[in-house]
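Taking it in order: structure first as structure tokens, then the write-up.
The values are calculated or read from the model by the stated rules, or taken from the named source; none is laboratory data. None of these values were measured; they are calculated from a predicted model. Quick reminder, even Gly has a Cβ in these numbers, built from the backbone with ideal geometry, and neighbours come from all protein chains shown. Accessible surface is based on the protein model in full, side chains and every heavy atom, while ligands, DNA and RNA are left aside. Shrake-Rupley method; radii C 1.70, N 1.55, O 1.52, S 1.80 Å.
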Amino acid sequence: MTFWSPRDRRLSVVARALVQHAVVSIMALVVVGATAAIICVRVVQSQALRQAEGGGEVVATRVVAPLINQGVYDGDTDDLTALDDRVRIRKSGSTIQRVKVWSAEGVILYCDDPRLIGQRYPLEPEDKAVLDAGGVASDVSDLSKSENVLDQSFGESLEVYVGTRDTEGRPILVETYFTADRLHADEAALIRRIIPVVLTALLVLGLLLVPLAYSLARRVARYERERQAMIRLAVEASSAERRRVAGELHDGVIQDLAGVGYALTALDAQIAGLGSGPTPGSGSPPPIGALRATLRTAQRLVHDDVLALRELTGMQYAADSGAADPAAALRVIADGVREEGTPVEMIVGELPTLPAAHRAALIRVGREALRNAAKHAPGSNVTLELGTEGESAVVTVTDDGPGFDPTAALGPVDGHIGLALLTDAAEGVGGLLDLRSRPGHGTTVRLAVPIPRTAAGPNGRTTA
């Protein structure tokens, strides 16, 4: 069987976080690398098309248009030969693959492949727009069209359409094909230059973020440990409180009620003796004073039990700290302590709105301090102060009783929650518990919890 220590669990949490960081970083590298490659391709393609448009415009306006005359329209051999010679000279040593000249009716007036001269094809709307309005348009070739049957051997090409006019002012469309080999070479060269830089930068950034990810993972693990510690503290406190309540009921109320039962039984026997008169050998009936003493004993026990039960219910009310007001909850406890014979003065200031955990800590410490004063310093003067000091909410309970040695109260005492648990509760909300006492000099218990910045409020003082 394998046992996992808290350290093993912490390392597991941190390791999982680092693995997740590594996976996300690798995914980011892949996505960004692919995106950078696509952007590079589009940038290079855009630049290549602009360059092709410039070359196509030169071919259309300076080479082809000046030689398109009526003879070309009529298929005159000499005029076509002159135009073809001029085009082939321009193609020599360049990236031009094909040149076509279209009329406004969709007839190919000229092509460096004579098989296409005189063929008629419908012009695409965008090509017709360039022919009518003039200007330049370009795109990567679509060789699936019918007029490109004889051009498919070129493979992928850059097509440039230039709208211009012939020697007689008629609109013509000059289509020039440029090889795409240079385009792909430029794309590959740019990708080789850009992608390593991008990926290296991302890798360095990912490595720089590893310490941050490690720190955040450890912080999350620490918060998880603190949360688990708070849960354990709450469970321990609840268990201790249940044991205390059970002890109070068993050792106090239940035994007192049993004593009341015995007293009432004795009283019943005494009353029966009054009704029947003296019995032989029993002497005279019990005097009235003895009956009244028995009744007073029963009354005292019942009264004490009522106070004890009221205290217990007050404790349970105070324990409901999720909605309790510290001042209201502590007043309930103080009233119970007063009824037991211990005078309590409450000095209550206005508290800001506090988180439930902060209210719980103030109530718990104030409650335990009041109970301990009533139990261990009966009859002493007790003062409870609740309010704010600086940026903290503070509860202070002071008595002028016999005092004690604080070092002897660091754990559970007589079934009650010990100072160690109260200290843990204070630390759980970032507070500070201070206990000052020594034999013969009374006791002071003080808890200060920080006020969140969003919980600012007035600081008045009233005396209750």
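Observations, loosely collected:
- Residues whose placed amide H lies under 5 Å from that of Ala393, excluding near-sequence neighbours: Val449, Ile451
- Cross-link reach is defined here as a Cα-Cα straight distance under 26 Å, omitting same-chain residues fewer than 8 places apart; for Lys145 the lysines meeting it are Lys91, Lys100, Lys128.
- Each Lys or Arg adds one and each Asp or Glu subtracts one; over the other residues with Cβ under 13 Å from the Cβ of Pro171, this totals -2.
- Heavy-atom SASA rank of Tyr214, Tyr177 (probe 1.4 Å, accessible area, largest first): Tyr214, Tyr177
- Across the range 44-155, C-alpha contacts under 8 Å between residues 6 or more apart give a mean separation that, scaled by the residue count, equals a relative contact order of 19 percent.
- The order of Phe154, Phe178 by accessible area, most exposed first and with a 1.4 Å probe, is Phe154, Phe178.
- Listed peptides 264-272, 82-90, 55-63 by packing density, highest first (mean Cβ within 10 Å): 55-63, 82-90, 264-272
- Solution diffusion estimate, µm²/s, Stokes-Einstein, the range 51-207, Kirkwood Rh from C-alpha pairs, 25 °C, viscosity 0.890 mPa s: 145 µm²/s
- Accessible solvent surface per residue of the range 334-400, calculated while the other protein chains remain in place, 1.4 angstrom probe, Å²: 37 Å²
- Whole-percent pair-distance distribution, where bins are 10 Å wide, for the alpha carbons of the range 70-137: 19, 46, 34, 2
- Full extension of the chain segment joining Lys375 with Ile288 gains 27.8 nm, where the gain is 0.36 nm per residue of separation less the Cα-Cα distance.
- Counting Lys and Arg as +1 and Asp and Glu as -1 over every other residue whose Cβ lies under 12 Å from the Cβ of Val162, the net charge comes to -2.
- Listed values for the range 297-303 are Karplus-derived 3J(HN,Hα) couplings in whole Hz (6.51 cos²θ - 1.76 cosθ + 1.60, θ = phi - 60°), namely 4, 5, 4, 4, 4, 5, 4, and x replaces Gly and Pro.
- Surface share of carbon and sulfur [accessible, 1.4 angstrom probe, percent] for the range 39-130: 49 percent
- For Ile68, distant residues with modelled amide H under 5 Å away: Thr167
- Formal net charge of residues neighbouring Asn381 (Cβ-Cβ distance under 13 Å; K, R +1; D, E -1): -2
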